[in-house]
Amino acid sequence: MNESVQGDASRPVTWVLTGYKAGDNAQVLALADALGWRYDVKRFNYRKTELLTNRLLAVTLAGIDKTSCSALSPPWPDLIITAGRRNEPVARWIRKQAGGRTRLVHVGRPWAPLDVFDLIVTTPQYFVPDRQNVLKNYLPLHGVMSGRLNEAADAWRQRLAHLPRPCTAVLIGGDSGPFVFTGEKGRRLGQLVNSMALHGGGSLLVTDSARTPGSAFEAFQRELSVPAYIHHWTEAGDDNPYLAYLALADQLVVTGESMSMLTEASFTCKPLYIFDPGDTRPWWRHGYNFRYKPLSHRLAMLLAARRMHRDVGNIQRQLVASGRAVWLGQTFPAGKRAVPPDDAQRAAMRVRALF
C-alpha cells in the first residue's frame with residue numbers, strides 16, 4: 001500500500017496521506033510534487049464508524065481499516081501533508097508517535113482547531129479565518145501539468161482528428177453538497193452546448209464523471225445534434241480522454257460545482273464557460289433537495305461554525321471577475337488569455353519556511 005516518489009532525499013522526510021476522495025488526493029500530491037522532495041504516499045480506507053470515533057478521540061487510528069491501509073511505523077516523518085477530516089486524526093496520531101516534532105500541513109478545510117496545524121492551505125470556497133498559519137490560495141491545487149497534457153494530446157490527436165473545429169470540451173460533474181444534477185439541468189446544459197457548437201460550426205468533446213447521475217447524462221445526450229465524441233466514465237478508468245480534452249479543445253465548458261475541473265480547465269488558459277448547476281427557485285420548492293446529501297449539507301451549514309461553511313460560488317465568481325471565465329450563455333472576450341496564479345509554488349514556499 002506504500003508508494004515512494006523520488007525527489008531530493010536530503011530534505012525533510014515527508015509522508016502524504018491519501019484517501020478515497022480524488023480531489024483531496026490530487027491536491028496533496030500536487031503540493032508534494034511542487035516541493036520537489038522525496039515522499040511516501042500512505043493510503044487509507046475507513047471504517048463506517050469513523051465519524052464517531054474521530055470526533056470523540058481526535059488523535060486516533062480507530063477510524064481506519066488497518067488491514068487494508070498503508071503500514072505506519074518508524075522512522076516517523078518530519079512532514080505530513082493531508083486533506084479531509086478522515087485523515088486528520090491519523091496525522092495527529094503520527095505526530096504523537098514522533099514526539100510532537102512532525103510538522104502538519106492540511107489542505108482545504110480542517111475540522112480540528114486551527115492551531116493543531118503548522119500550515120493550512122485553503123481556498124475561497126471555505127470560510128477559514130485569517131491566521132498566521134493560514135494560506136489562502138486563489139484556486140485548489142492540481143496535478144495537471146503541461147507535460148501530462150502534451151502526452152495525452154499525442155495519444156488522442158488522431159482519434160479526434162475527424163471532428164470539425166472548434167472543439168468544445170464539455171466536462172460534466174454531478175451531485176455535490178447542495179447541488180443536485182437533475183435531468184432538467186442535464187437537458188439545459190445539452191441545449192446550451194449544442195447551440196454553441198451549431199453556431200460555431202464545430203463539435204463537442206464530452207465526458208461525464210463518477211458523480212454524474214445516469215438520468216441527467218442521458219437527458220443531456222438527447223439534446224445533441226452536432227458531431228461529438230462522448231466518453232462515459234467507468235470505475236476502471238481505462239482509456240479516459242479527460243486530459244486529452246483539456247489539451248486539444250479550443251474552449252471548455254465545466255459544470256460549476258466541480259472545483260477540481262474548474263481549476264484544471266483554468267490552467268489551460270483557454271476560454272472557459274461555467275454552467276451554473278444551482279436552482280433559480282428557493283431550494284425548498286424542489287423535492288430532490290430533501291434527499292439525504294443535499295439536506296444534510298444544508299443542515300450542517302446551518303448548525304456548524306462559520307469556518308466549516310463552504311460556498312463554491314466564491315470560486316466561480318472569482319474566476320469570472322478575474323476574466324478567466326464567463327457564465328455559459330455569455331460571450332468570452334476575443335483574444336482574452338488570463339494566466340492563472342501558481343498556487344502550488346506559493347504553498348510550497350510556505351511549507352519550506354516551516355523548516
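The values are calculated or read from the model by the stated rules, or taken from the named source; none is laboratory data. Quick caveat, the model's predicted, so the values are computed rather than measured. Virtual Cβ from ideal backbone geometry, glycine too; neighbours counted across all protein chains shown.
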Inset, instruction - Return the total of residues in region 281-306 being at pLDDT 65 or above and not in a helix (DSSP H, G or I). - result: 3
Inset, instruction - Just name the residue that is surrounded by the fewest Cβ atoms within 10 Å (Cβ to Cβ) out of those in region 58-78 that are under 26 Å from the mean Cα position of the chain (by Cα) and more than 20 Å from Arg101 (Cα to Cα). - result: Ser68
Inset, instruction - Identify, by number, the condition in (1) closer than 19 Å to Ala348 by Cα; (2) at pLDDT below 95; (3) among the basic types (Lys, Arg) that Arg103 doesn't meet. - result: (2)
Legend entry - Given (1) modelled with pLDDT under 80; (2) touching a His at 6+ places or on another chain (Cβ under 6 Å), index of the condition Thr263 fails: (1)
Legend entry - Lone unmet requirement of (1) within 23 Å of Arg131 (Cβ to Cβ); (2) in a loop (DSSP other than H, G, I, E, B); (3) of a type outside the set (Phe, Trp, Tyr) for Leu31: (2)
Legend entry - Hey, Val351 within 30 Å of Arg38 (Cβ to Cβ), surrounded by 14 or more Cβ atoms within 10 Å (Cβ to Cβ) and either in contact (Cβ under 8 Å) with a residue 24 or more places away in the chain or not small (Gly, Ala, Ser) (or both) or not: yes
Legend entry - Positions within region 151-193 being buried (at least 18 other Cβ atoms within 10 Å of the Cβ), in contact with a strand residue (DSSP E or B) (Cβ under 6 Å, 6 or more places away or on another chain) and in a helix (DSSP H, G or I), in sequence order: Leu189, Val193
Legend entry - Count of region 132-150 residues which are part of a loop (DSSP other than H, G, I, E, B) and either within 17 Å of the chain's Cα centre (by Cα) or among the acidic types (Asp, Glu) (or both): 9
